[in-house]
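Undergrad: Got a structure for you, written out below as structure tokens; questions coming shortly.
What follows is calculated from the coordinates using simple rules that are stated; it is not laboratory data. It should be emphasised that the depicted structure is a prediction, and the values quoted were computed from it without experimental measurement. Here Cβ is always computed from backbone atoms with ideal geometry, including for glycine, and neighbour counts include all displayed protein chains.
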Amino acid sequence: MNTDMNPPLTIVILAAGLGTRMKSRQAKVLHRAGGKALVEHVVDTAAKLTNPERIFVVVGHQAGEVRAAVTTPGVRFIEQPEQRGTGHAVTCGRAVLEGLSGYLTVLYGDGPLLRTETLRRLYEQETSDAAAAVLLTAMMDDPTGYGRVMRDAHGRVARIVEQKAATPEELAIREANMGIYCFRADLFWKHAGEMRPDNPAREYYLTDMAEILHRAGYPIEAMQIEDPREALGINTRVELADVDRLLRERKLRDLMLAGVTIEKPETVTVDSDVEIGIDTVVEAFAQIRGRTVIGENCRIGAGAIIEDSELGDDVVVWPYTIIGTSRLERGATAGPFARLRTDNHVAEGAQIGNFVELKKTRMGAGAKANHLAYLGDSQIGAKVNIGAGTITCNYDGFHKHPTAIGDGAFVGSNSTLVAPIEIGAGAYVGAGSVITQPVPPDSLGLGRAHQVIKEDWAKKRRTIGKQ
Ligand code: UD1
Ligand code: CA
């Protein structure tokens with residue numbers, strides 16, 4: 001993070017609009033792509049360039065939710081009570097922003113693909129010469145929806161014309177305004193009052209600042225980017241899906257270049273903040289979400305879904321396993337078809353097998369539950385064996401109760417452990433038991449009816465049946 005930009009840089013992110021074209025009850029910048037709210041991406045990008053104290057997010061629609069979506073500490077907010085245009089949005093912060101000297105970058109909260117490197121280049125171009133502003137532009141094959149960059153007879157930027165206000169000749173111009181600007185702060189505030197809502201939308205257009213500063217005699221520059229997709233501003237859900245795909249491709253590419261094998265990457269979903277160690281293999285259709293951290297040399301099976309979890313090195317998650325907020329230590333295995341619902345801790349080398357569900361459970365080192373079990377609110381010791389069909393009855397209809405199983409205990413198949421219950425270290429539970437009393441260490445707990453044998457019973461029955 002670079003927090004000592006010199007001269008200082010203030011970044012204002014506009015995020016107050018509803019985004020009518022999204023056709024949503026939710027503010028546009030709250031929609032998610034690459035596993036994060038759009039506004040969060042932009043704030044993260046800005047925070048890599050300047051001190052968060054100098055980052056301001058303009059909020060309006062669902063201001064509370066937008067504030068909550070910004071998790072970077074130190075970022076400040078400006079209220080825009082009524083959305084009267086992008087120019088109005090910036091001037092709503094006049095009281096606090098005007099006193100901040102140096103440079104002012106404005107960007108839009110609906111453009112999450114923007115890279116820090118590009119913002120830095122924009123700042124460097126602006127600070128390297130006398131321009132009052134540099135704007136990011138791109139030559140687009142189809143600039144529909146974007147403002148067009150008008151140049152004067154000398155080829156200098158003279159003004160920006162919005163799509164809605166443009167003449168057919170102006171619409172034919174392919175150089176589009178990406179909506180990312182770096183201004184000299186003193187000149188911006190000196191002239192900001194000159195923006196007027198004299199356009200069909202009756203809005204204050206930030207883009208008018210180009211013409212205003214040009215007319216006042218200051219040079220305005222354009223910095224063209226090669227790939228306009230980087231500045232793609234999301235207006236519709238079609239663009240949301242495009243951006244989501246691009247963010248995910250970018251993430252997968254970064255992971256692959258950093259040593260992670262990804263099979264059929266076009267089917268794999270990895271959120272932006274996920275970390276994965278080298279030599280881990282991610283199979284087709286896996287989804288790795290949220291703040292998940294995965295160690296080295298792991299295998300994430302086909303169709304597995306892992307969220308907000310921590311996996312040590314050499315962990316194997318077999319196909320179609322679902323893991324949420326859990327921690328699996330080195331060499332642990334889970335699945336196929338296992339569900340680690342929430343707050344589980346699977347210690348080194350422990351095995352969670354097929355059709356096993358864990359909730360708020362700790363499995364000790366080397367413990368095994370290889371088939372068909374439900375283990376909830378349980379503390380299970382090292383090297384415990386849980387037989388197939390074992391169920392912890394942790395819920396009595398009112399409260400949840402704990403189960404504790406000591407190191408080395410062996411729970412036979414199809415046992416029903418009625419919590420609260422304790423099974424001592426080294427104890428055995430006979431298969432098919434319903435256990436309601438504690439089983440002391442090293443003893444056998446049996447809770448099932450005695451088997452009865454009636455010799456020749458079946459034979460006699462067959463004889464009676466024939467008569
Ligand atoms: C804007 C630019 C256009 C550019 C395009 C790039 C203007 C007038 N036009 O158009 O030249 O090509 O972006 O993507 O700036 N917002 C507020 N308050 C408001 C209005 C908007 O905070 O009163 C926020 C929105 O939440 C959004 C951003 O500003 O995040 C951009 O607004 P949007 O309506 O999407 O602008 P465009 O029409 O795309
Ligand atoms: Ca937009």
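Undergrad: What full-extension length gain, to one decimal in nm, is calculated for Ser24 and Arg151 as 0.36 nm per residue of separation minus the Cα-Cα distance?
TA: 42.0 nm
Undergrad: Viscosity 1.567 mPa s, temperature 4 °C: Stokes-Einstein D of the chain from its Kirkwood Cα radius, in µm² per second?
TA: My calculation gives 50 µm²/s for D.
Undergrad: Using θ = phi - 60° and the Karplus form 6.51 cos²θ - 1.76 cosθ + 1.60, what ³J(HN,Hα) does each residue of region 135-145 get, whole Hz, x for Gly and Pro?
TA: Computed from phi, the couplings for region 135-145 are 10, 7, 10, 8, 7, 10, 5, 10, x, 3, x Hz.
Undergrad: Still on this model: Output ³J(HN,Hα) for region 91-96: one whole-Hz value per residue in order, computed from phi by the Karplus curve 6.51 cos²θ - 1.76 cosθ + 1.60 with θ = phi - 60°, and x for Gly and Pro.
TA: Karplus values, whole Hz, x for Gly and Pro: 5, 4, x, 3, 3, 8.
Undergrad: Say R0 is 56 Å: what FRET efficiency, to the nearest 0.05, do Gln451 and Thr325 get from their beta-carbon distance?
TA: 0.80
Undergrad: DSSP loop (so not H, G, I, E, B), at most 12 other Cβ within 10 Å: list which trypsin sites (Lys or Arg not before Pro) in region 201-303 pass both filters.
TA: Arg202
Undergrad: Starting from one equal scatterer on each C-alpha and no solvent at all, send me the Debye-based log10 I(q)/I(0) for region 311-467 at q = 0.10, 0.12 Å⁻¹, two decimals.
TA: Rounded to two decimals, the profile gives -0.39, -0.51.
Undergrad: Specify which residue in the list His61, Gly179, His345 is farthest towards the positive end of the charge dipole of the chain, using unit charges on the beta carbon of Lys, Arg (+1) and Asp, Glu (-1), about the Cα centre.
TA: Looking along the dipole axis, the top candidate is His345.
Undergrad: I need the shape label for region 361-406. Rule: rounded when a/c is under 1.5, else prolate if a/b > b/c, else oblate, with a, b, c from the alpha carbon gyration tensor.
TA: Note, shape of region 361-406 comes out oblate.
Undergrad: Please enumerate, by chain and number, the lysines with C-alpha under 17 Å from the C-alpha of Lys368, excluding those fewer than 8 residues away in the same chain.
TA: Within reach: Lys359, Lys360, Lys383.
Undergrad: Net charge near Asn235, counting Lys/Arg +1 and Asp/Glu -1 over other residues with Cβ under 10 Å of its Cβ?
TA: Once all neighbours under 10 Å are counted, the net charge is +1.
Undergrad: May I ask you to compute the full-extension gain from Val281 to Glu65, defined as 0.36 nm times their residue separation minus their alpha-carbon distance, rounded to one decimal in nm?
TA: Residue separation times 0.36 nm, minus the Cα-Cα distance, leaves 74.1 nm.
Undergrad: Something else: Past 26 Å, Cα to Cα: identify those pairs from Lys28/Lys190; Lys28/Lys48; Lys28/Lys164, in the order given.
TA: Violating the 26 Å limit, Cα to Cα: Lys28/Lys190.
Undergrad: What distance in nm separates the two pseudo spin-label positions at Asp442 and Ala425, each 7 Å out from Cα along the beta-carbon direction?
TA: Using points 7 Å along Cα→Cβ, the separation is 1.1 nm.
Undergrad: I need Thr71, Thr416 ordered by Cβ neighbour count within 10 Å, fewest first.
TA: Fewest-to-most ranking of Thr71, Thr416: Thr71, Thr416.
Undergrad: Determine the dipole magnitude for region 105-192: charges of +1 sit on the beta-carbon of Lys and Arg, -1 on that of Asp and Glu, nothing else is charged, the reference point is the Cα centre, and the result goes in debye to the nearest 20.
TA: Dipole size: approximately 180 debye.
Undergrad: Also, I was wondering about something else. When a footprinting reagent is the concern and you count Cβ atoms within 10 Å, what order do Trp318, Trp189 take, fewest first?
TA: In order of increasing Cβ crowding within 10 Å: Trp189, Trp318.
Undergrad: Between Tyr428 and residues 5 or more places away or on another chain, which pairs have amide H atoms under 5 Å apart, with H built 1.01 Å from N, and which residues are they?
TA: Phe410, Ser443, Leu444, Gly445
Undergrad: Can you run phi through the Karplus equation (6.51, -1.76, 1.60; θ = phi - 60°) for region 432-437 and list ³J(HN,Hα) in whole Hz, with x for Gly and Pro?
TA: Karplus values, whole Hz, x for Gly and Pro: x, 7, 9, 9, 10, 10.
Undergrad: Compute the helix-to-body angle for 38-47: its Cα long axis versus the longest principal axis of the chain, expressed 0 to 90° and rounded to tens.
TA: 70 degrees
Undergrad: In addition: How many nm separate the modelled label positions at Val238 and Arg32, each set 7 Å beyond the Cα in the direction of the Cβ?
TA: Those two pseudo-labels are separated by 2.5 nm.
Undergrad: Further question: For the chain, what does the helix formula give at 222 nm: sum of -39500 (n - 2.57) over DSSP H segments with n ≥ 4, over the residue count, nearest 500 deg cm²/dmol?
TA: -5500 deg cm²/dmol
Undergrad: Right, here's the next one. In units of 2.2 N^0.38 Å, what is the alpha-carbon radius of gyration of region 104-152?
TA: 1.28
Undergrad: Quick check on the exposure proxy: order Met22, Met209, Met150 from fewest to most C-beta atoms within 10 angstrom.
TA: Ascending number of Cβ neighbours within 10 Å: Met150, Met22, Met209.
Undergrad: Right, another one. Excluding same-chain residues fewer than 8 positions from Lys264, which lysines have a Cα within less than 24 Å of its Cα?
TA: The reachable lysines, counting only those whose Cα sits under 24 Å from Lys264, are Lys36, Lys251.
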